[in-house]
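The values are calculated or read from the model by the stated rules, or taken from the named source; none is laboratory data. These numbers were taken from a predicted model, which means no experiment stands behind them. Neighbour counts are summed over all protein chains in view; Cβ atoms, including those assigned to glycine, are modelled from backbone coordinates with ideal geometry. Quick note on the areas: whole protein, heavy atoms, side chains included, nothing else; ligands and nucleic acids left out. Shrake-Rupley method; radii C 1.70, N 1.55, O 1.52, S 1.80 Å.
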Amino acid sequence: MKTPSLPTASSWEKFPAELQMSQLTLEWLLCSEHKTHPTAALATLFTIASAITARTFYTETGASTTLYQILIAKTGAGKNIATHAPIKALDTIEYSRLIISSKISSIGALDDIFKQQNVAIQVVDEFGDHLGNMMSDKGGYLKSLAAKIKNLYSSTNGNYESGRYSSSGGKTKTNEPWTLDRPCFGLTGITTKTQLFKHLTDDMLHDGFLNRFIILNGHDVEPIFPQKVFNGVPKELVEHLKLLQKNNFTNHDASIKFIVPLSEKARAYYHQYIGDADIKNTDIYRYCLNDETDVKRAISIRWRENAIRLATALTAFEKLDVVSLEVLKWCYNLVKHSSLSFMASFEKEASATRYEILKHKAIKWFKNLKDGKVSLTHLAQKARPFSTLKSRERIELLDDLIESGFINKEMVESTYYYKLAS
């Protein structure tokens, strides 16, 4: 079976030939259901490789192979493999517990997970709403959870510190504090573009939390309808996972820690080509030269980090000894171009998407209006979504609804009233 072209830009679409087990895994994923999605298959491969290598394998720079990634694809496009396949694959070696498919709603719930295991990869459907709720929380438990998850990205060689309360005990039942060495937490969020964009603001786009994610935008990628569906897990992949386990490569024991080095050429590429915002004539330095330098620094430093994590995860998954130049280059180009593609799409469409959602809410409000007509003052003071807008934005929205034929405007005794068009 031949894998269809990967959902990548033409300059970096060639998958490294040495990643043969990854290639086989992709082939399986693309025919594992009646309708599959290439970008979802790629994200799923990364989830599996990260889960099976985390806490055992580390990069030259001291991080493990856990990844934060967001998969964007249309509703019904076949992205379900991202939730089902990692569990199916890891269940063949009784490691499906590494995949957490439920939403984590509090620090206490996260504590409960890490009491039982030291590696956890959360796979969350409808992640756009979940992310929006966490990032817009002004001081509650979700904001604390977001801060905890943000810190876990950088704690794979550090410590996990428990909260004061368990998720079941509440504030009346305190727990003794405890710590865990080298906690490894990964996150794969699955969302549609509309769902994600309606929550994001420019500030969130450049936030240190969101920048930790590899964002795989498959919105415009067509799904695949395989001629034959393979319901099980390929024998070659099962034997490979068992061999990893047999060699204690997936033991996750505290005493086991392998550093996967970069090859000499890959190391030169990492330091001399990818570089840093403060290393002249490197790729990241050139990217940060223009406007918005601070924002670009925050974004691009994660390109380098995610590239070496992903390259190390795939290399360890293949049971190769060193990260090659080809693998590192492919990973860096994927991470960088995915980031740039997402930001360009966000800047172009997010504002329009949020406005269309607002407009839809406004039309629905007028359809539910019982008193027939309403004044501008009432809309400004008591009617959501109008009351949440600035004066100029409110007038522009109302004018748009009038021009679109949804509502009418009339003056009664020097006061403007608005009502649903008949």
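Taking Phe209, is it modelled with pLDDT under 90, open to solvent by less than 20 Å² (accessible area, probe 1.4 Å) and at negative phi?
yes
Here's the yes/no breakdown for (1) exposed (fewer than 12 other Cβ atoms within 10 Å of the Cβ); (2) of a type in the set (A, V, I, L, M); (3) at pLDDT below 90:
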residue	(1), (2), (3)
Val323	no, yes, no
Tyr332	no, no, no
Lys370	yes, no, yes
Ala383	no, yes, yes
Tyr416	no, no, yes
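Specify the residue that is most open to solvent (accessible area, probe 1.4 Å); the eligible residues are those in the stretch 59-86 that are among the charged types (D, E, K, R) and within 17 Å of the chain's Cα centre (by Cα).
Ranking the qualifying residues of the stretch 59-86, first place goes to Lys74.
Could you say whether any residue in the stretch 111-127 is in contact with a Phe, Trp or Tyr (Cβ under 6 Å, 6 or more places away or on another chain), of a type outside the set (Asp, Glu) and open to solvent by 10 Å² or more (accessible area, probe 1.4 Å)?
no
Looking only at residues in the stretch 283-304 that are exposed (fewer than 15 other Cβ atoms within 10 Å of the Cβ) and at negative phi, which one is modelled with the lowest pLDDT?
Asp291
Can you tell me which condition Ser387 does not meet? The list is (1) in contact with a Lys or Arg (Cβ under 9 Å, 6 or more places away or on another chain); (2) of a type in the set (S, T, N, Q); (3) buried (at least 17 other Cβ atoms within 10 Å of the Cβ), and all the others hold.
(3)
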